1. In this structure, is Ser48 touching a residue at least 24 places away in the same chain (Cβ under 8 Å), surrounded by fewer than 17 Cβ atoms within 10 Å (Cβ to Cβ) and more than 20 Å from Asp121 (Cα to Cα)?
2. Test Ser64 against the stated conditions and say whether it is over 20 Å from Ile131 (Cα atoms), hydroxyl-bearing (Ser, Thr, Tyr) and surrounded by fewer than 23 Cβ atoms within 10 Å (Cβ to Cβ).
3. Residues that are at pLDDT 95 or above, at least 2 per element: which strands (runs of 3 or more DSSP E) completely within region 1-116 meet that?
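The values are calculated or read from the model by the stated rules, or taken from the named source; none is laboratory data. Nothing here was measured: the structure is a model prediction, and the numbers come from that model. Because the Cβ atoms are built from the backbone with ideal geometry, glycine has one as well, and the counts that use them run over all protein chains shown.
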Amino acid sequence: MNEKPKILIVEDDIDLVESTRKILEMKGYEICVALDPDIAWERLKKFSPDLIILDVMFGPREESLGFEFARKIKHDKQTAGIPIIMLSAINAKEKYFNFSPATDGDFLPVDCFLDKPLDPDELYSKIQELIKLKSSN
C-alpha cells in the first residue's frame, strides 16, 4: 500500500487553510496544518512532510516570519530537501516587489512563489511537479 504524500500547510488564514486542505485531501494528500512558524517547526519534525506550503505574513502585526522560517528549513540538514511553496499577496499589493526564487534565491530560499489569491489548479500543478522532483532525487 502506497503512503499518501504529506503536505504541511503553514498559514494563519483559516479560510484559506480549510479550502486548500479540502482540495488537497480530495487529490489524495495527507495534510497537517500549523497556524504559525513556531508550531510548524514542531509539526515538521513529527509529520515529515514531502512538501511545505508557507505563507509570508503572520499575526496581527503582519510580521514576515515566513522568510525566516524558510531559511531555517533550508539550513537544517534534516529538512533542507523539503520543497517549499511560498504564498503571499505582496506581489499583488506592491507591484515593485515581484518576489521570485529565481531572482531572490538567497533571501527567498523556496522552490516556488505563488500569489494570493491562489489558483487551485496552479497550486496542484506545482505540488505535483515539486513532489515528483523530490522523489526522483
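1. On the way: touching a residue at least 24 places away in the same chain (Cβ under 8 Å): yes; surrounded by fewer than 17 Cβ atoms within 10 Å (Cβ to Cβ): yes; more than 20 Å from Asp121 (Cα to Cα): yes.
Spelling it out, Ser48 is indeed touching a residue at least 24 places away in the same chain (Cβ under 8 Å), surrounded by fewer than 17 Cβ atoms within 10 Å (Cβ to Cβ) and more than 20 Å from Asp121 (Cα to Cα).
2. On the way: over 20 Å from Ile131 (Cα atoms): yes; hydroxyl-bearing (Ser, Thr, Tyr): yes; surrounded by fewer than 23 Cβ atoms within 10 Å (Cβ to Cβ): yes.
When the stated conditions are applied, Ser64 passes them.
3. Values: elements: 6-10, 30-34, 51-55, 84-88, 112-115.
Here the list reads 6-10, 30-34, 51-55, 84-88.
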